[in-house]
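A short write-up of the structure that comes next.
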Amino acid sequence: MPATTTLQAPSPPSGRSAGSDFAPLARRVRESGLLDRRRGYYVRAIGLNLAATAAVWAAVAWAGDSWWTVLFGIPLAVLGARMGFLGHDAGHRQIAASARGNRWLGLVLGNLLLGMGHGWWSDKHNRHHANPNHVGKDPDVGEGVLAWTEEQAAGKRGALRWVARHQAALFFPLLTLEGVNLKIGSVPVS
């Protein structure tokens, strides 16, 4: 059986928190190449996704007013989700070597192809990463359809109260609407 290497955080010395040992772990992850940019992968992934999207839209045009056109919504949804994940990686500056290149990719993938504001999303997502799941600081756990705290749940009325009571079962059905939510949320309000 071949030997395997696993990355484990070192145990914190007595009196120190585990968080103080993040720097050596991060250095070890970087040195092992786990954070290296994979430009070849992204060139293929973006190219294939664009080609497949164009092919599906061509099939929609070919099918015309037929009910078969509805079936093309399934691959378009999958390709749109993949486009969103590629835009996510651009937002994390993981694709191009420069911030400008990643911003350009984010604008093309997010704004042009998905209809979602890349700048708005990057700001929101960076605030999320700065304070993950911290109510009042993480925009992803603020007031909305889902309740993240008992106080939020207690403040819900009507249909939203019912949703809060059943949100574990409703989570994945509600997640199908997240693309619409992101597009609406990225519209600038004057």
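Summary of computed values
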| item | result |
| --- | --- |
| Extent along principal axes [Cα atoms of the range 53-142; Å; largest to smallest] | 48, 32, 16 |
| Accessible area expressed per residue, the range 43-190, with surrounding protein chains retained (probe 1.4 Å, Å²) | 67 Å² |
| Kyte-Doolittle at least 0.5, axis length at least 15 Å by Cα - qualifying DSSP helices, the chain | 39-63, 73-91 |
| Relative contact order (%) - criterion: Cα under 8 Å, at least six apart; region: the chain | 11 percent |
| Sulfur and carbon atoms: percent of accessible area, the range 143-189 [1.4 Å] | 68 percent |
| All-pairs alpha carbon distance profile, the chain, 5 Å steps from 0, percent | 1, 6, 10, 12, 14, 14, 13, 13, 9, 5, 2, 1, 0, 0, 0 |
| Protection proxy ranking of 78-89, 143-154, 30-41, 178-189 - average other beta-carbon atoms within 10 Å, highest first | 78-89, 143-154, 178-189, 30-41 |
| Percent accessible area from carbon and sulfur atoms, the range 19-108, protein chains only, probe 1.4 Å | 67 percent |
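The values are calculated or read from the model by the stated rules, or taken from the named source; none is laboratory data. Computed from a prediction, not measured in an experiment: that's the story for all the values here. All Cβ positions, glycine included, derive from the backbone under ideal geometry; neighbour counts span all protein chains shown. To get the accessible areas, we keep the full protein, side chains included, count just its heavy atoms, and leave off ligands, DNA and RNA. Shrake-Rupley method; radii C 1.70, N 1.55, O 1.52, S 1.80 Å.
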